[in-house]
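First comes the structure, then the notes that go with it.
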Amino acid sequence: MKIAIPLATALALGLAAPLAAQADALEQQLDELQDFQIIAHRGASGHAPEHTWPSYEKAREMGADYLELDLHMSADGELMVIHDDTLDRTTDGEGKVKEHSLAELKALDAGSWFNKAHPERADEAYEGARMLTLDEVIDRYGSDVRYYIETKSPERYPELQRALVDTLEANGLVASGSVVIQSFSQGSLQQIHQLNADIPLVQLVWYSPAEDGSGLTEWTGVTPDPAEISDADFQAIADYAVGIGPNVVYDSEDVIDAGFVEQAHDNGLLVHAYTINDPEQMQRLLDWGVDGMFTNFPDRLSGLVE
């Protein structure tokens with residue numbers, strides 16, 4: 001629970017300077033989010049195994065503004081950095097992440113699959129890369145980088161939101177303006193907003209054709225079809241989030257357009273589009289005025305925005 005401290009009390013306790021520094025750092029982050037942001041999707045995951053040290057290090061070298069991390073939980077409650085809820089695609093393990101202990105997950109090879117899937121970018125150094133915990137990533141980078149963290153549904157991990165916020169606060173990453181949290185789950189974001197309203201949040205959305213052929217539908221029902229979206233729909237998101245993160249195409253067809261971006265901006269929301277790897281598509285979205293892009297190839301995007 002947050003407690004408001006009157007300025008006079010803060011001065012008497014010697015807390016005014018730290019509080020002011022925190023406010024300045026958060027304000028600086030919000031100001032910088034008004035500029036274009038390169039969000040390294042699972043690190044530089046087009047060049048190295050996603051969510052491994054090589055992927056993160058390459059992303060930093062390539063000028064990423066944020067490292068994007070996906071979170072799941074181990075059977076013993078550790079916050080694990082992995083995209084899928086299963087192990088099969090990106091490790092030599094099998095089954096659900098949440099059914100394995102930290103020790104079991106740390107024993108897996110999370111790098112060799114990349115060499116098999118992308119022989120043109122294979123590197124022996126990737127073999128044997130280990131799954132990472134959020135604590136390990138924070139211990140390595142601290143506030144030297146900014147993190148763009150995705151949470152899953154509260155139904156899947158009821159305790160994840162609290163564990164994440166506690167971890168971020170304990171490491172000073174909220175106060176230093178070092179984190180954005182994203183989710184497709186409106187409930188997850190609203191829980192986080194209640195836990196710490198200072199954390200910038202981004203509502204992810206996924207548009208695809210409706211089964212009845214009537215237009216587009218949003219995966220979790222956060223908004224209607226973009227053709228029918230209203231200012232009130234954007235304002236409902238702006239009540240708890242600073243931005244919206246849409247997919248741009250589905251099956252090679254656009255699902256949003258420049259008008260969507262403009263309307264989001266008119267309602268005070270940033271637009272961070274995902275996941276954009278083609279330079280022509282990147283340039284098109286820059287022309288639309290999006291505020292950031294998720295990409296597996298930060299080097300391609302940084303070359304366009306320099």
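Restricting attention to the chain, the count of lysine pairs at 8 or more positions apart or across chains with alpha carbons under 24 Å apart stands at 9. Each 10 Å bin from zero holds the following percent of Cα-Cα pairs in segment 105-216: 12, 31, 28, 23, 6.
Between segment 55-115 and segment 120-146, the C-alpha centres lie 9 angstrom from each other. The HN-Hα couplings worked out from phi for segment 189-198 by the Karplus form 6.51 cos²θ - 1.76 cosθ + 1.60 (θ = phi - 60°) are 5, 5, 4, 5, 4, 5, 6, 7, 6, 7 Hz, whole numbers, x standing for Gly and Pro. A simple charge model with +1 on the Cβ of Lys and Arg, -1 on the Cβ of Asp and Glu and nothing else charged puts the dipole of the chain at about 860 debye relative to its Cα centre.
Taking θ as phi - 60° and the Karplus parameters 6.51, -1.76 and 1.60, the scalar couplings of segment 277-288 work out to 10, 8, x, 5, 5, 4, 5, 4, 6, 4, 5, 6 Hz in sequence order, x denoting glycine and proline. Peptide packing: for 242-251, 23-32, 52-61, 218-227, the average count of neighbouring Cβ atoms within 10 Å per residue gives the ranking 52-61, 242-251, 218-227, 23-32, highest mean first.
Legend: calculated FRET efficiency, ALA197 to GLN235, from the Cβ-Cβ distance at R0 = 30 Å, rounded to 0.05, equals 0.95. The label point for ASP257 and the one for ASP35, both projected 7 Å from the Cα toward the Cβ, are 3.3 nm apart.
When a/c is below 1.5 the answer is rounded, else prolate if a/b is larger than b/c, else oblate, so apply that to segment 50-147 with a ≥ b ≥ c taken from the square roots of the Cα gyration tensor eigenvalues. Oblate is the answer for segment 50-147, as a/c is 1.5 or above yet b/c matches or exceeds a/b.
In the chain, the calculated helix contribution to ellipticity at 222 nm averages -10000 deg cm²/dmol per residue, counting -39,500 (n - 2.57) for every DSSP H run with n ≥ 4.
Would you mind checking segment 128-142 for residues with the amide N under 20 Å from a putative spin-label position 7 Å along Cα→C-beta of ALA103? Correct set: 130-136. Remark: the ASP166-ALA117 segment gains 14.0 nm on full extension, using 0.36 nm per residue and subtracting the alpha carbon distance. The distance linking segment 260-275 with segment 171-216 is 14 Å (Cα centroid to Cα centroid, whole angstrom).
All of the numbers you see were taken from the coordinates with simple rules; none came from a lab. Keep in mind that this is a model prediction, so the values were computed, not measured. For neighbour counting, all protein chains shown are included, and Cβ atoms are generated from backbone atoms with ideal geometry for every residue, glycine included.
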